[in-house]
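Here is the structure we will look at.
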Amino acid sequence: MAKLRVHLFIKGKVQGVFFRQAMKVTAKKNNATGWVRNLKDGRVEAIIEGDDLDVSNIVEWCHGGPANARVEDVEIRNEKFTGEFAKFEVLY
C-alpha cells in the first residue's frame, strides 16, 4: 500500500465537542500516526500519516466528526510522507 500524509484544517462547530479525542480514537483504529490540535480561530488542524486507505478513512470521518460536531469544510493539503510520528497525539 502507498503511504500518505495529509494536513487538514476542519472548520465548523468542531471545538468543545470532543473532536480531537474522537479523531485520536479513529486514527488508532486505522493505524495512523500524527497529531490534532485546536486553533485560535475555531478550526481544528491535523496531520495524519499512514496507508492510503487508512488515511482516506480518517479524512472521510472528518467530514462528519463526532455526534455533536457540525463540520462546514475540510481543507485537505497532500504532503510528502515522512514517517516522523510514532503515534497519534492530541496537542494542546
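Among what's in the range 36-57 and is out of contact with any Lys or Arg (no Cβ under 9 Å at 6 or more places or on another chain) and hydrophobic (A, V, I, L, M, F, W, C), pick the residue that is nearest to V71 (Cα to Cα). Here the residue is L39. Taking (1) touching a residue at least 60 places away in the same chain (Cβ under 8 Å); (2) out of contact with any helix residue (DSSP H, G or I) (no Cβ under 6 Å at 6 or more places or on another chain) in turn, S56 satisfies each apart from (1). Being modelled with pLDDT of 95 or more, among the hydroxyl-bearing types (S, T, Y), out of contact with any Cys (no Cβ under 8 Å at 6 or more places or on another chain) and surrounded by 15 or more Cβ atoms within 10 Å (Cβ to Cβ) is not true of T82.
Residues considered: N38, N68, N57. Of these, the only one that is of a type in the set (S, T, N, Q), open to solvent by less than 90 Å² (accessible area, probe 1.4 Å) and closer than 12 Å to F19 by Cβ is N38. With respect to E75, is the statement that it is open to solvent by less than 40 Å² (accessible area, probe 1.4 Å) and not hydrophobic (A, V, I, L, M, F, W, C) true? In short, no.
Determine, yes or no, whether E49 is exposed (fewer than 13 other Cβ atoms within 10 Å of the Cβ) and touching a residue at least 40 places away in the same chain (Cβ under 8 Å). So E49 does not fit the description; no. The residue of the range 36-53 that is nearest to R5 (Cα to Cα), among those that are out of contact with any helix residue (DSSP H, G or I) (no Cβ under 6 Å at 6 or more places or on another chain) and of a type in the set (A, V, I, L, M), is I47. The set of residues from the range 1-27 being in a loop (DSSP other than H, G, I, E, B) and open to solvent by 20 Å² or more (accessible area, probe 1.4 Å) comprises M1, A2, Q15, G16, F18.
Out of curiosity, is K40 more than 10 Å from the chain's Cα centre (by Cα) and more than 16 Å from L91 (Cα to Cα)? Judged against the criteria, K40 is not a match.
The values are calculated or read from the model by the stated rules, or taken from the named source; none is laboratory data. Every value quoted in this text rests on a predicted model; they were computed, and no experiment measured them. Cβ atoms come from the backbone with ideal geometry, glycine included; neighbour counts cover every protein chain shown. For accessibility, only protein heavy atoms count, side chains too; no ligands or nucleic acids. Shrake-Rupley method; radii C 1.70, N 1.55, O 1.52, S 1.80 Å.
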